[in-house]
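The values are calculated or read from the model by the stated rules, or taken from the named source; none is laboratory data. Small disclaimer: the values here were computed from a predicted structure and weren't measured. Ideal geometry is used to build each Cβ from the backbone, glycine not excepted, and the neighbour counts take in all protein chains shown.
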Amino acid sequence: MRAAVDHLVRDGALAWGTRAMCVLVETLLDRGTHADVAEAEAAIKRLATTPTHVGTPPHEILLLRLQALLARARGDETAYRDFRDRYRATARSLGFEGHIAWAEAMP
């Protein structure tokens, strides 16, 4: 997955690279070792600074989701609830049905 993400981002396929990066982050957080969580955080930071998509609603909503998942993996319940609630509100305001369902499924 890492190689695929690097290849897509390097080749300028940012839409696919973003989705692949999200899958990588979620996989790392599911595994949950200290190294995996640190790598997921680095990937989120990389995604946050991807110049083509910064500030666009699809980019921002993905970041909120990933930041919530990272906070939860770190055991930071306050940050988790904040990101989760912001993710839910953003999903609803944009009418992104898939994200609304994902956000509502987050405890």
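Taken together, the residues in the range 19-70 that are β-branched (Val, Ile, Thr) and either at pLDDT 90 or above or buried (at least 20 other Cβ atoms within 10 Å of the Cβ) (or both) amount to 7.
Could you say which residue among Ala35, Ala103 is part of a helix (DSSP H, G or I) and touching a helix residue (DSSP H, G or I) at 6+ places or on another chain (Cβ under 6 Å)? Of Ala35, Ala103, the one residue that is part of a helix (DSSP H, G or I) and touching a helix residue (DSSP H, G or I) at 6+ places or on another chain (Cβ under 6 Å) is Ala103.
What residue, among those in the range 58-79 that are more than 13 Å from the chain's Cα centre (by Cα) and assigned to a helix (DSSP H, G or I), is nearest to His99 (Cα to Cα)? The extreme case among them is Ala79. Gly75 meets each of the listed conditions (1) closer than 24 Å to Met1 by Cβ; (2) loosely packed, with under 14 Cβ neighbours inside 10 Å; (3) not hydroxyl-bearing (Ser, Thr, Tyr) apart from (1). I'd like to check something: does the range 92-99 contain any residue that is at pLDDT 95 or above, buried (at least 16 other Cβ atoms within 10 Å of the Cβ) and over 21 Å from Arg31 (Cβ atoms)? There is at least one residue in the range 92-99 that is at pLDDT 95 or above, buried (at least 16 other Cβ atoms within 10 Å of the Cβ) and over 21 Å from Arg31 (Cβ atoms). Reported count of residues in the range 85-107, each being within 15 Å of the chain's Cα centre (by Cα) and either within 11 Å of Ala68 (Cβ to Cβ) or hydroxyl-bearing (Ser, Thr, Tyr) (or both), is 8.
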